[in-house]
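Asker: Structure provided below as structure tokens; questions to follow.
All of the numbers you see were taken from the coordinates with simple rules; none came from a lab. Note that this is a predicted model, so its numbers are computed, not measured. Glycine also receives a Cβ, built like all others from the backbone with ideal geometry; neighbour counts cover every protein chain displayed.
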Amino acid sequence: MPKLYTGAEIVFKCLEEQKVNHIFGYPGGAVLPIYDELKNHSSIKHILVRHEQGAGHAAEGYARSSGKPGVVLVTSGPGATNVVTALTDAYMDSVPLVCISGQVPTHLIGTDAFQECDTTGITRPCTKHNWLVKDINDLQRIMHEAFEVATSGRPGPVLVDIPKDIQFAKTKYVSLKKEKKIEIKNKNRFTQKEIDQLIVLMSKASKPIFYTGGGVVNSGPKASELLRELVALTGFPITSTLQGLGSYPGDDNQFLGMLGMHGTYEANNAMHDCDLLINIGARFDDRITGKIDEFSPKSKKVHIDIDPSSINKIIKVDLAIVGDVTDVIKSTTKTLKKKNLNLEKSNKQKISKWWQQIEKWRTKQSLNFINSDKIIKPQHAVQRLYELTKNQDTFITTEVGQHQMWAAQHYKFNKPNRWMTSGGLGTMGYGLPAAIGVQVANPNKLVVDVAGEASILMTMQEISTAIQYNLPIKIFILNNQYMGMVRQWQELLHEKNYSESYSEALPDFVKLAEAYGCVGIRAEKPDELDEKIEEMINVNKPVIFDCHVDQAENCFPMIPSGKPHNQMLLGPKDQEENKITGKGKALV
Amino acid sequence: MAKSKSAYSIPSKLSKSETHIIVVWVDNEASVLSRVVGLFSGRGYNIESLAVAEVDQKNNLSRITIVTTGTPEVIEQIVLQLKKLVPVHKVGNFKREDKKVIFKEMALFKVVGNLAKIKKALNACKNFNPVILDQTDKSAVIQITALRREIDKMAKNLKSHGLISVSRTGAVAMTRGAEIFN
């Protein structure tokens, strides 16, 4: 007779076969059998968080910085509902997560038992798929299928809900290799003909642009290498979405910076005026497109995406190529080389005018701000952070708001998987737990959470997790005492009625850091900034850095709502100049 | 136009809505219907009618037929989003006007009245394959199969013939001829 294993043992056997090394979780009544089994599996380390949302975001940070799926373990009821925000966040930003939740015993389901909730019902709209395991014999298949679904195609979160009696029940376990390979929905559906069409469009274009997104990062590091080769080969300009930052070097001359609502002037104008737009792994998000009717009106549009439902969802495209970014770029480059179309040379003449135009836009220096020697400008703080950390392999996470945009604008990323931010859902409180996950996955690297003082208070408790596991994350708070982005919108659109956007009673972050057992640093003057940042980097402990910045600073440039890309609002310097010359805000 | 205060864009012009019949083959498993229906409600798509039952016991497959209205863009999204669901095997999409496809709905009418009244009611249904499922001296249950709008019309017309209760299904669909949908 074969050996019988309990449900809890099977969970760990599956995790081991899936090569899981870390799980982020929080125990509770309905998952105790699984927690009991933890001690028997030394290859799997459990990170105890302080709130289940933190477990979810930490697993996201882990997944995004390592390319491996993040694993979360929570109990039934409140454990499961607390993780919903993180699951939704992962769903919006296509992050592979496997969440295992405990559930009340099968016979109590539906009776409003203690800590019971309809977990699969609640998480259905925020996962790629979820399962309620009702039979111990299904557990193994479901566990492996969960990893398959989370990581294949467009990645995303999944949830496996396991009732407590199933965790105790016993059955046989068949090793994964013997199991029939699970059928995956075919990821590459593109044909050589489509690649040929793309190349025809590329050779005809005189104002082309690459618009790349998180899909490049999700496709793996190889995709970024291939992208760099393709961009060099074609000589085309390239812009990136918030999620795509790092897949192309941020300091390269062909890179126009981020596009969209707070993107650069040159990127947005190039998007508007181009005649060929090649979207690689981005999804025409509404923060990117601005007004749909006037989005890139003169261009042929190509969309490369692994998810067929992303095609034509928002913007109708002329050529759709459904497939993994790595494979599509590989085919494109191969075909380009085979046809010996050295676009860089043959097209140089043709697109040189385009580059001249782009250089003209660049002279606007739209990320500029008026610096001060009396008060720390938040942009200046990010720039100094970049300059002082760029010599090492640094990982940046953020919360959500102005600081997030300033980090995206002023921190130049050179590698993929170094930038973790909540883009789709825009979850304040994401950055601290995400930084924990990043540090777990990358033990000896510098991990900085660029934060706002309002966001950080939403998941502040996780600093305690960082202390427990000696994770020397750096929380770099741009403290302006306001919910800055809310304040900015209220200033610009609601007649400066700063309704409830000022935090009256903030904690003393330095004392708070000390209370938690980490290091607190405060910077209030521009001339002490560098020295304090150095101090932060050199401490081998978690640090809360309270950087007092200008409260009135706004994030520019921006595309006001309902406006197309070529009607950007520029910073105060430009607004002043325009006032003087009386030219209004008409641009170029 | 007033200056927008929203952080979101204003809606652009919508194209014309069409009625489509979407046929979905799914694994017959717990909560599969709520996945499909939840997709519709979550993304703001319409459901005009719904019919679902297991069609293949051996392979454990159910067939869901959904009548929906939406712009061509929305219909395309519905099909693509449905295809992403794990238990979905294939998705068929037909225009209501499609001549190659048969659509049928079934209705049960309970008519109360004397025999003459019931006869009149039955006569009124004659074009829609009426079948009497139950009859007493003062009532009858009549089954008809027809298109949605025909059933709508009958339900209205039979009011004067003693109709007191209506029960009806969603539409089911099948292609004409020897071909099946792949």
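Asker: Relative to the compact globular guide of 2.2 N^0.38 Å, what is the alpha carbon radius of gyration of the protein assembly as shown, as a ratio?
Answerer: Relative to the rule-of-thumb radius for its length, the protein assembly as shown sits at 1.08.
Asker: Residues with amide H under 5 Å of A:His22's amide H, sequence separation 5 or more or different chain, H placed in the peptide plane at 1.01 Å from N; which?
Answerer: Those qualifying (amide H under 5 Å, at least 5 residues apart or on another chain) are A:Lys45.
Asker: So for segment A:408-487, considering every pair of alpha-carbon atoms, how many percent are separated by more than 21 Å?
Answerer: The calculated P(r) of segment A:408-487 puts 28 percent of pairs beyond 21 Å.
Asker: Still on this structure, I have one more. Viscosity 1.002 mPa s, temperature 20 °C: what is the translational diffusion coefficient of segment A:203-350 from Stokes-Einstein with a Kirkwood Rh over Cα pairs, rounded to a whole number of µm²/s?
Answerer: 142
Asker: A follow-up question, please. For segment A:364-373, take each phi angle, set θ = phi - 60°, evaluate the Karplus expression 6.51 cos²θ - 1.76 cosθ + 1.60, and give the result in whole Hz per residue in order, putting x for glycine and proline.
Answerer: 5, 6, 5, 8, 4, 8, 8, 7, 9, 9
Asker: Mind jotting down the distance between the C-alpha centroids of segment A:251-300 and segment A:61-135, whole Å?
Answerer: 36
Asker: Between segment A:397-434 and segment A:446-516, what is the separation of their alpha carbon centroids in Å?
Answerer: About 14 Å separates the Cα centre of segment A:397-434 from the one of segment A:446-516.
Asker: Can you tell me the FRET efficiency between A:Glu387 and A:Leu233 if r is taken as the Cβ-Cβ distance and R0 is 45 Å, rounded to the nearest 0.05?
Answerer: The computed FRET efficiency comes out at 0.90.
Asker: Quickly work out the A:Ser206-to-A:Glu535 label distance, labels modelled 7 Å from Cα along the C-beta direction, and quote it in nm with one decimal.
Answerer: Output for this residue pair reads 5.9 nm.
Asker: Let me ask you something else. Rounded to whole Hz and in sequence order, give me ³J(HN,Hα) for segment A:316-325 from the Karplus expression 6.51 cos²θ - 1.76 cosθ + 1.60, θ = phi - 60°, writing x for Gly and Pro.
Answerer: 6, 10, 8, 9, 10, 10, 8, x, 5, 3
Asker: Now for a different question. What percentages, rounded to whole numbers, describe P(r) for segment A:312-433 computed over all alpha carbon pairs with 10 Å bin width beginning at zero?
Answerer: All Cα pairs, binned at 10 Å, distribute as 10, 22, 30, 28, 9, 1 percent.
Asker: Name the shape class, rounded, prolate or oblate, that the alpha-carbon gyration tensor gives for segment A:15-118, where a ≥ b ≥ c are the square roots of its eigenvalues, rounded holds for a/c under 1.5, and otherwise prolate holds if a/b is larger than b/c and oblate otherwise.
Answerer: oblate
Asker: How large is ³J(HN,Hα) for each residue in segment A:541-554, as worked out from phi by the Karplus curve 6.51 cos²θ - 1.76 cosθ + 1.60 (θ = phi - 60°), to whole Hz, x for Gly and Pro?
Answerer: 3J(HN,Hα) across segment A:541-554, in whole Hz: 8, x, 10, 10, 9, 9, 9, 6, 10, 4, 6, 8, 5, 10.
Asker: Per DSSP H run of n ≥ 4, the term is -39500 (n - 2.57); total these for chain B, divide by its residue number, and report the mean residue ellipticity at 222 nm rounded to 500 deg cm²/dmol.
Answerer: The helix-only estimate for chain B comes to -7500 deg cm²/dmol at 222 nm.
Asker: In the neighborhood of B:Val23, defined by Cβ-to-Cβ distances under 11 Å, what is the net charge if each Lys or Arg adds +1 and each Asp or Glu adds -1?
Answerer: Once positives and negatives cancel, what remains is +2.
Asker: Let me ask something else. According to a simple spin-label model (label point 7 Å from Cα along Cα-to-Cβ), what is the distance in nm between A:Glu294 and B:Ser12?
Answerer: The answer from the label model is 1.2 nm.
Asker: Say R0 is 35 Å: what FRET efficiency, to the nearest 0.05, do B:Lys58 and A:Ser42 get from their beta-carbon distance?
Answerer: It comes to 0.20.
Asker: Give the calculated FRET efficiency between A:Ser152 and B:Leu33 to the nearest 0.05, with a Förster radius of 30 Å applied to their Cβ-Cβ distance.
Answerer: Efficiency, from the Cβ-Cβ distance: 0.75.
Asker: Starting from the exponent 0.38 and prefactor 2.2 Å, build the expected Rg for segment A:469-534 from its residue count and divide its actual Cα Rg by it.
Answerer: 1.43
Asker: For segment B:31-107, go through all pairs of different Cα atoms, get the mean of 1/r, take its inverse, and jot down that Kirkwood value in Å.
Answerer: 13.6
Asker: Can you check what the net charge comes to around A:Ala86, using other residues whose Cβ is under 13 Å from the Cβ of A:Ala86 (Lys, Arg +1; Asp, Glu -1)?
Answerer: Result for the local shell: -4.
Asker: What angle, in degrees between 0 and 90 and rounded to the nearest 10, separates the Cα long axis of helix A:52-66 from the longest principal axis of the Cα atoms of chain A?
Answerer: The angle comes out near 60 degrees.
Asker: Taking the radius of gyration and the Kirkwood hydrodynamic radius from Cα positions alone, what is the Rg/Rh ratio for chain B, to two decimal places?
Answerer: Taking Rg over the Kirkwood Rh, I get 1.09.
Asker: At 25 °C and 0.890 mPa s, what whole-number value in µm²/s does Stokes-Einstein give for the translational diffusion of segment B:83-182, with Rh from the Kirkwood sum over Cα pairs?
Answerer: Here the translational diffusion coefficient equals 160 µm²/s.
Asker: Something else about it: According to a simple spin-label model (label point 7 Å from Cα along Cα-to-Cβ), what is the distance in nm between A:Gln197 and B:Val141?
Answerer: The modelled label-to-label distance comes out at 5.5 nm.
Asker: Give me B:Ser15, A:Ser299, A:Ser247 ranked fewest to most by other Cβ atoms within 10 Å of their Cβ, as a rough exposure proxy.
Answerer: B:Ser15, A:Ser299, A:Ser247
Asker: Counting Lys and Arg as +1 and Asp and Glu as -1, what is the net charge of the other residues whose Cβ lies under 14 Å from the Cβ of B:Ile118?
Answerer: Taking every other residue near B:Ile118 into account, the sum is +4.
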